[in-house]
1. Place a point 7 Å from Cα of THR18 in the direction of its Cβ. Which residues in the range 40-61 have their backbone N less than 12 Å from it?
2. With labels modelled as points extended 7 Å from the Cα through the Cβ direction, what inter-label distance (nm, one decimal) is found for ALA11 paired with LYS48?
3. Within straight cross-link reach of LYS48, meaning Cα distance under 14 Å, which aspartates and glutamates are found once same-chain residues fewer than 8 apart are removed?
4. Figure the gain on full extension for MET62 and CYS32 (residue separation times 0.36 nm, minus the Cα-Cα span) and round it to one decimal in nm.
5. What are the lysines whose alpha-carbon lies under 17 Å from the alpha-carbon of LYS56, with same-chain residues fewer than 8 places away excluded?
6. Under a straight-distance cross-link criterion of Cα-Cα below 22 Å, which lysines are reachable from LYS45, leaving out those fewer than 8 residues away in the same chain?
7. Under the rule of at least 5 residues apart or a separate chain, name every residue whose amide H is placed under 5 Å from the amide H of LYS56.
Amino acid sequence: MLLGENKIGDAGVIAITTSLTNISKLQLNSNCFTAEALKQIHNLKSLKVLDIRNNKLGDACMQYLSELN
């Protein structure tokens, strides 16, 4: 799913990660969400590619990304 450069915030990412759990590619580069939005990233069991560069993530995102298998 290509959603880069769309001004998607935390609520948008949370909606995507809780609703579309079967996606294998998620491109969210250059949006405006924070690490808080990645709390539900573990719901994406089929995820193979994740592009989250150029967002306001900080070090806190590492906790949520570490939950990915």
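Since every read-out is calculated from the coordinates, none of them should be taken as a lab result. Every value quoted in this text rests on a predicted model; they were computed, and no experiment measured them. As a convention, Cβ positions derive from the backbone with ideal geometry for all residues, glycine included, and neighbour counts pool all protein chains shown.
1. Once the point is set 7 Å along Cα→Cβ of THR18, 40-41 turn out to lie under 12 Å by backbone N, inside the range 40-61.
2. Inter-label distance under the simple model: 3.4 nm.
3. Within reach: GLU67.
4. Details: separation 30, 0.36 × 30 = 10.80 nm, distance 1.72 nm.
Additional length available on full extension: 9.1 nm.
5. Qualifying lysines at Cα under 17 Å: LYS7, LYS39.
6. Hits, sequence-local ones excluded: LYS25.
7. Placed amide hydrogens put PHE33 under 5 Å from LYS56.
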